[in-house]
Amino acid sequence: MPFGVIGKVRKVFPGGEPRSAASEPVVALDDASFQFEEGELVALLGPSGCGKTTLLRIVGGLIQKTSGSVRIGGREIVRPTGDYGFVFQAPSLMPWRSVLDNVLFTMEILRRNDRAAHERARDLLHLVGLSEFLTARPHQLSGGMQQRVALCRALIHQPKLLLMDEPFGALDELTRLEMNDLLLRIRQETGASVLFVTHSVPEAVYLSDKVIVFSKRPARVVKEIAVMFAYPRQQRLRFTPAFNEAERIASEALGVLAPATDEMSAR
Ligand SMILES: Nc1ncnc2c1ncn2[C@@H]1O[C@H](COP(=O)(O)OP(=O)(O)OP(=O)(O)O)[C@@H](O)[C@H]1O
Ligand SMILES: [Mg+2]
């Protein structure tokens, strides 16, 4: 039995509710199915608005699915568990707390804010290169540094599964590449499984064991691409023909590449 089983998940947001974006019902997910093994890093790639965030929130137990099944570690997920870490596009740190106390916030919620937690927070912040900034406030950090703090906050309770929703989308290219390598290093050290939502084809291919490509809304899985490159990976990988080929397959599944024949006749 795989570690994660997402089976025929469907989500309809009812229309006409005060908090709903639309007045008509919105089918965000329809028959979304895929599986992953423990420790795998799975990239979720799909057009804007197709339902990726919705799926991640369902997997995290933050919202309810309309039908279908989400089993992680053999358990059906119906509400948030303490076993996950979340990283969103914006770091959303608490401005009045120090870096260290932001990371420890998760442990306060879980009532596990003990000595060991402090040690682990320091270790994590060291790992991401922020040892000098334990007492700094978020506004004193760059965007990339803030996102590293958010990553530590997501990892402090040693989650089995890390749910990441375009975590590096707001960063400049160089910082983004550095964060990619950092994530891979952390994944290696923690053994956590990761579901990683991104818009970036190269980022998806570089990071993952497997790329799941979604259709336009309502999201269905249109392609699963096994990414066979060995870990640890190096940035040089991006400039190899094999990497290029994986990007092409993902781009074609996404629908951003016209079929080859059209391309030829256009010339
Ligand atoms: N609470 C909600 N109420 C009503 N509709 C919603 C709600 N949340 C999301 N939706 C709708 O569901 C669809 C999927 O949204 P979602 O945020 O999951 O897309 P996404 O794939 O994450 O997009 P992006 O790549 O732009 O972040 C959209 O049409 C959105 O308007
Ligand atoms: Mg989203």
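Just so it is clear, none of the values below were taken in a lab; they were calculated from the coordinates. The model shown is predicted, which means the values in this text are computed figures rather than measured ones. We place every Cβ from the backbone using ideal geometry, glycine too, and count neighbours over all the protein chains shown.
Shape verdict for the chain, please, from the Cα gyration tensor: rounded (a/c under 1.5), prolate (a/b greater than b/c) or oblate. It comes out oblate by the Cα gyration axes. Shown here for region 1-98: trypsin sites (Lys or Arg not before Pro) in loop regions (DSSP other than H, G, I, E, B) with at most 12 other Cβ atoms within 10 Å, namely R19. Once the convex hull of all Cα atoms in region 40-143 is built, its volume per residue stands at 156 Å³. Taking the longest Cα principal axis of the chain as reference, the axis of helix 115-127 is set at about 50 degrees. Give the angle, between 0 and 90 degrees and rounded to the nearest 10, that separates the Cα long axis of helix 99-109 from the longest principal axis of the Cα atoms of the chain. Taking the Cα atoms of the chain, the angle to 99-109 is about 80 degrees.
Quotient of the Cα radius of gyration of region 121-267 and 2.2 N^0.38 Å, N being its number of residues: 1.19.
Under a model in which nothing but the beta-carbon of Lys, Arg (+1) and Asp, Glu (-1) is charged, the chain shows a dipole of about 580 debye around its Cα centre.
Structural descriptor for the chain: relative contact order 25 percent, calculated from alpha carbon pairs under 8 angstrom and at least 6 residues apart. Taking 19 Å as the straight-line reach from the Cα of K52, the lysines in range (excluding those fewer than 8 positions away in the same chain) are K8, K11, K65, K210, K216, K223. Potential lengthening of the chain between S200 and Q140 amounts to 18.7 nm, from the contour at 0.36 nm per residue minus the alpha-carbon distance. Exposed loop sites, defined as GluC sites (Glu not before Pro) outside DSSP H, G, I, E and B with at most 14 other Cβ atoms within 10 Å, are absent from the longest region of the chain, namely 39-267. Each Cα pair under 8 Å and six or more residues apart adds its separation to the average, and for region 144-267 the resulting relative contact order is 20 percent. Listed values for region 189-196 are Karplus-derived 3J(HN,Hα) couplings in whole Hz (6.51 cos²θ - 1.76 cosθ + 1.60, θ = phi - 60°), namely 6, 9, x, 5, 7, 9, 9, 10, and x replaces Gly and Pro. Within region 62-154, the chymotrypsin sites (Phe, Trp or Tyr not before Pro) that combine a DSSP coil assignment with at most 15 other C-beta atoms in a 10 angstrom radius are W96.
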